[in-house]
Amino acid sequence: AADPSISAAALSACDAPATLLGAALHRAFVATDRSFLDGIRETGRNDGATALCVLLREATLSIANVGDTRAVLGRRRLTEGRGGSSMRERGLEAVRLSLDHKPNLPEEAARVRANGGDVKQVRGVWRVGVFGGRGKEP
């Protein structure tokens, strides 16, 4: 079960890390989130943050992310490009390596709510937080 003192935004696909590296990344993200939340509580602000960590070790690429940040790899296509500045002109294709934790996605909203948070639209922007008298409205 998730620690209720951890914000919903800090919990990611690493909720049940299968490896030592996954566990280490999870602990680092949770510690960073706690420190961040302590800092904004002191100021009374409703700020947020995202994080992305990519580690290449030998032939293994490990990725962890929190929030709506994304890792993308440029992979060379089978047909060569003509040269130029864009990925397409250089014969590259974008490959998504991570999943965004966007609150408008049903799976993400369900995960946030299951961990004690809430998801709602505020002035047309999806927000994650603790609403309804349990915390400050963003």
Excluding Ala109 itself, calculate the net charge of residues whose Cβ lies under 12 Å from the Cβ of Ala109, where each Lys or Arg counts +1 and each Asp or Glu counts -1. +2
If you take the beta carbon distance between Arg113 and Asp68 as r and set R0 to 25 Å, what does 1/(1 + (r/R0)^6) give as a FRET efficiency, to the nearest 0.05? 0.90
Sorted by accessible area (1.4 Å probe), largest first, how do Arg96, Arg70 line up? Arg96, Arg70
Here FRET efficiency (C-beta to C-beta, Arg123 to Leu61, R₀ 30 Å, nearest 0.05) is 0.20
Taking the simple approach of a point 7 Å from Cα along Cα-to-Cβ for both Phe131 and Arg34, what is their distance in nm? 2.9
Computed from the beta carbon distance with a Förster radius of 22 Å, FRET efficiency for Leu105 and Cys53 to the nearest 0.05 stands at 0.55
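The values are calculated or read from the model by the stated rules, or taken from the named source; none is laboratory data. Because the structure is a prediction, the values reported are computed rather than measured. FYI the Cβ positions are ideal-geometry reconstructions off the backbone, even for glycines, and counts take in every protein chain you see. Ligands, DNA and RNA are stripped out before the accessible areas are found, and what is left, the full protein with its side chains, is counted by its heavy atoms. Shrake-Rupley method; radii C 1.70, N 1.55, O 1.52, S 1.80 Å.
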